[in-house]
1. Could you please find all residues in the range 83-97 being surrounded by 20 or more Cβ atoms within 10 Å (Cβ to Cβ) and either of a type outside the set (A, V, I, L, M) or out of contact with any Lys or Arg (no Cβ under 9 Å at 6 or more places or on another chain) (or both)?
2. Pull out all pairs, ordered by first then second residue, where Cβ-Cβ is under 6 Å, the residues are six or more apart or on different chains, the first lies in the range 60-78 and is touching a residue at least 60 places away in the same chain (Cβ under 8 Å) and of a type outside the set (A, V, I, L, M, F, W, C), and the second is in a strand (DSSP E or B) and surrounded by fewer than 22 Cβ atoms within 10 Å (Cβ to Cβ).
3. Could you check the range 14-44 and list, in sequence order, the residues that are of a type outside the set (D, E, K, R), at pLDDT below 95 and part of a loop (DSSP other than H, G, I, E, B)?
4. When the residues of the range 44-82 are filtered to those that are charged (D, E, K, R) and touching a helix residue (DSSP H, G or I) at 6+ places or on another chain (Cβ under 8 Å), which remaining residue is surrounded by the fewest Cβ atoms within 10 Å (Cβ to Cβ)?
5. Picking from Ala109, Ala100, which residue would you name as being modelled with pLDDT of 95 or more, crowded, with 19+ Cβ neighbours inside 10 Å and in a loop (DSSP other than H, G, I, E, B)?
6. Among the residues of the range 124-175, how many are without any contact (Cβ under 8 Å) to a residue 24 or more places away in the chain and of a type outside the set (Val, Ile, Thr)?
Amino acid sequence: MGAWSIERHGGAARSFHARVPDDVTDRAVWIFDVDSPALALGSTQPADDVDVDVADRLGIDVFARHSGGGAVLMLPGSSVWIDVVIPADDRLWTPDVSAAALWLGDLWASVLADVGVADAVVHRGPMVRPAVSSVMCFGGLAPGEVSRGGKTVGISQRRTRRWARFQSIALLDWDAEVHRALLAPGLERVTTADAAATGFDDVSISPLRQVTVDTLVEAFVAGIGQIR
């Protein structure tokens, strides 16, 4: 395979999530800078997991995405969102969905090391899916995702017979109280169903507060450029 096509865009998260790769024959990297708050619900997540009054008050656009289990909150400057698209004949492609994102997790761990974050670990075990992960994506841990004691990089994927789109987000900041208020109905739903279930306060998140958006983007582009 040849070089990676690199695109960087800014705008609303809703429209970028809806983007569909067309006639994928080459590798591509899509970097997106959100310019307004958004909450992307998981593909099977009920809309009533969200407190709409809180969303309206904070100006958060709520929509459903086509991948993942729980919601992802995107605030301007609080994360780095990078999608990677490969065709089905790429050497990085594997039909094993549980192993498909491991190479990307390894890349992210290497990128983090390049920016001075040396304790990143790629999850290689089975999906860790406590009840709270159905409400909040960062409440679980999938193969290929990266943690540093707490989860740092989340990865989901959309696949067809012709291409795979890996959607990754590295957290630079984490506002626990906004998440708690915004997703209160969903959090209540899972704790009501099972009082012993892992709850919001048990979730461990490890944002990269010492790293800037552009520093991380530049390191990622340099790192993926080494993959041939």
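1. Step one: filter the range 83-97 for residues surrounded by 20 or more Cβ atoms within 10 Å (Cβ to Cβ), giving 83-86.
The answer is Asp83, and nothing else.
2. Between residues of the range 60-78 that are touching a residue at least 60 places away in the same chain (Cβ under 8 Å) and of a type outside the set (A, V, I, L, M, F, W, C) and residues that are in a strand (DSSP E or B) and surrounded by fewer than 22 Cβ atoms within 10 Å (Cβ to Cβ), the close pairs are His66/Arg158; Ser67/Arg158.
3. Answer for the range 14-44, where residues must be of a type outside the set (D, E, K, R), at pLDDT below 95 and part of a loop (DSSP other than H, G, I, E, B): Ala18, Val20, Pro21, Val24, Thr25, Gly42, Ser43, Thr44.
4. Going through the range 44-82, the residues charged (D, E, K, R) turn out to be 48-49, 51, 53, 56-57, 61, 65.
With touching a helix residue (DSSP H, G or I) at 6+ places or on another chain (Cβ under 8 Å) added as a condition, the list becomes 48-49, 51, 61, 65.
Numbers: Asp48: 10, Asp49: 24, Asp51: 17, Asp61: 15, Arg65: 21.
So the residue we want is Asp48.
5. Numbers: Ala109 fails: in a loop (DSSP other than H, G, I, E, B).
Result of the check over Ala109, Ala100: Ala100.
6. Total meeting the criteria: 3.
The values are calculated or read from the model by the stated rules, or taken from the named source; none is laboratory data. Keep in mind that what you see is a predicted model, and the values were worked out from it rather than measured. Quick reminder, even Gly has a Cβ in these numbers, built from the backbone with ideal geometry, and neighbours come from all protein chains shown.
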